[in-house]
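Visitor: Quick one: structure below, then a few questions.
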Amino acid sequence: MADRQQTSFLFDLDGTLVDSVYDHVLAWHDALQEEGIEVSIWRLHRRIGMSGGLFTKALARETGIDLGEERIKRLRQLHADAYSKRSSHTRALPGARELLDFLTANKIPWAIATSGRMETAGPVLQKLGVDPAKTPVVTRDQVRYAKPDPDLFLEAAKKLDVDIEHACVVGDSIWDMLAARRARALGIGLLSGGYGAEELERSGAYRVYEDPADLLVHIDEVGGRR
């Protein structure tokens with residue numbers, strides 16, 4: 001059993017460990033155009049990281065289009081298909097592998113919690129060298145609600161057998177930080193997903209770094225002791 005007082009790290013995936021945020025944005029844009037729905041790309045970026053249900057509700061509100069269940073299912077599948085074509089080019093963010101290796105080498109518990117489903121998360125996890133059979137990974141398929149609800153991070157802490165109040169949630173979006181606050185975890189923001197430092201701090205981040213490499217340099221500031 002893990003030391004329940006030890007600092008642990010719960011990572012978002014897209015924009016936090018892998019450089020995939022804009023792949024998702026463009027995949028959603030392709031999916032929407034396939035359905036004849038025009039939405040500006042910047043508006044899509046502001047929604048990446050939230051649950052699919054909230055994403056489609058926000059989309060319906062902004063476009064004034066009544067999206068039925070069948071159309072939502074088609075959009076999700078079109079997005080998954082479009083993203084799979086782009087994910088072969090997705091790369092780990094600078095320092096991501098080194099950060100995870102550091103935590104593992106120093107016996108600091110960590111897990112991944114993503115709003116994506118395993119269908120889209122699986123290929124990029126391979127690029128990180130993360131095997132879900134050996135490393136705790138929580139995807140949208142495994143929880144009732146995704147971000148900004150806390151379910152993903154609560155489940156990740158449960159899989160690690162750590163106290164959520166001693167965990168650091170590392171994410172790139174305001175939705176990650178809001179979910180961290182609701183889970184009663186400490187939020188660490190990264191700029192690698194396109195949100196600004198002030199936005200992340202207003203959403204609850206108590207530290208903000210550029211990317212995983214920058215976090216690794218400052219790991220002692222957030223309790224990642226060797």
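Visitor: Could you pull out the pairs from K57/K158; K134/K158; K57/K159; K85/K134; K85/K159; K85/K127 whose alpha carbons sit more than 24 Å apart here?
Guide: K57/K158; K57/K159; K85/K134; K85/K159
Visitor: Sort 160-166, 16-22 for me by packing, meaning the mean count of neighbouring Cβ atoms within 10 Å per residue, highest on top.
Guide: Going from most to least packed, we get 16-22, 160-166.
Visitor: Just order 212-221, 101-110, 34-43 by mean Cβ neighbour count inside 10 Å, highest at the front, would you?
Guide: Final packing ranking: 212-221, 101-110, 34-43.
Visitor: On to the next question. Using the Karplus curve 6.51 cos²θ - 1.76 cosθ + 1.60 with θ = phi - 60°, work out ³J(HN,Hα) for each residue of region 14-27 in order, rounded to whole Hz, and write x for Gly and Pro.
Guide: With coefficients 6.51, -1.76 and 1.60, one gets 5, x, 10, 10, 10, 8, 10, 4, 6, 5, 5, 4, 5, 5 Hz.
Visitor: Of the beta bridges DSSP finds with both residues in the chain, what % are antiparallel, to the nearest 5?
Guide: For the chain, the DSSP antiparallel bridge percentage is about 5.
Visitor: Right, something else. What number do you get for the chain when its Cα radius of gyration is normalised by 2.2 N^0.38 Å, N = residues?
Guide: Working it through for the chain, the quotient is 0.98.
Visitor: Taking 7 Å along the Cα-to-C-beta vector as the label spot, tell me the S40-R74 distance in nanometres, rounded to one decimal.
Guide: Between S40 and R74, the simple spin-label model gives 2.7 nm.
Visitor: Which value in nm describes the separation of the simple spin-label points at L67 and E210, placed 7 Å from the Cα toward the beta carbon?
Guide: 3.5 nm
Visitor: Using a 10 Å cut-off on Cβ atoms, rank the peptides 78-88, 181-191, 56-66 from the highest mean neighbour count down.
Guide: The most tightly packed comes first, giving 181-191, 78-88, 56-66.
Visitor: Another question, if that's okay. Translational diffusion coefficient, Stokes-Einstein: compute it for region 21-88 using the Kirkwood radius over C-alpha pairs as Rh, at 20 °C and 1.002 mPa s, and state it as an integer in µm² s⁻¹.
Guide: Approximately 181 µm²/s, per Stokes-Einstein.
Visitor: What dipole magnitude, in Debye to the nearest 20, does region 21-88 give about its Cα centre under +1 on Lys/Arg Cβ and -1 on Asp/Glu Cβ?
Guide: So the dipole magnitude of region 21-88 works out to roughly 260 debye.
Visitor: Report the one residue of M50, G194, P150 whose Cα lies farthest in the direction of the positive end of the charge dipole of the chain (charges on C-beta: Lys and Arg +1, Asp and Glu -1; origin at the Cα centre).
Guide: The Cα lying farthest towards the positive end belongs to P150.
Visitor: Can I ask one more? Summing -39500 (n - 2.57) over the DSSP H runs of n ≥ 4 in the chain and dividing by its residue number, what mean residue ellipticity at 222 nm do you reach, to the nearest 500 deg cm²/dmol?
Guide: Using -39500 (n - 2.57) per qualifying helix, the result is -13500 deg cm²/dmol.
Visitor: Let me ask you something else. Quote the charge dipole size of the chain about the Cα centre in Debye, to the nearest 20; the model charges only the Cβ of Lys and Arg (+1) and of Asp and Glu (-1).
Guide: 420 debye
Visitor: Given 0.36 nm per residue, what is the gain on full extension from A197 to D141 after removing their alpha carbon distance, in nm?
Guide: Value of the extension gain: 17.1 nm.
Visitor: Among M50, M118, what is the fewest-to-most ranking by other Cβ atoms within 10 Å?
Guide: M118, M50
Visitor: Defining a contact as two alpha carbons under 8 Å apart and six or more residues distant in sequence, what relative contact order in percent does the chain show?
Guide: Relative contact order for the chain comes out at 27 percent.
Throughout, read-outs are computed from the coordinates displayed, never taken from laboratory work. Since the structure is predicted, the reported quantities are computational estimates derived from the model, not experimental observations. A quick note on method: Cβ atoms are made from the backbone with ideal geometry, for glycine too, and the neighbour counts reach across all protein chains shown.
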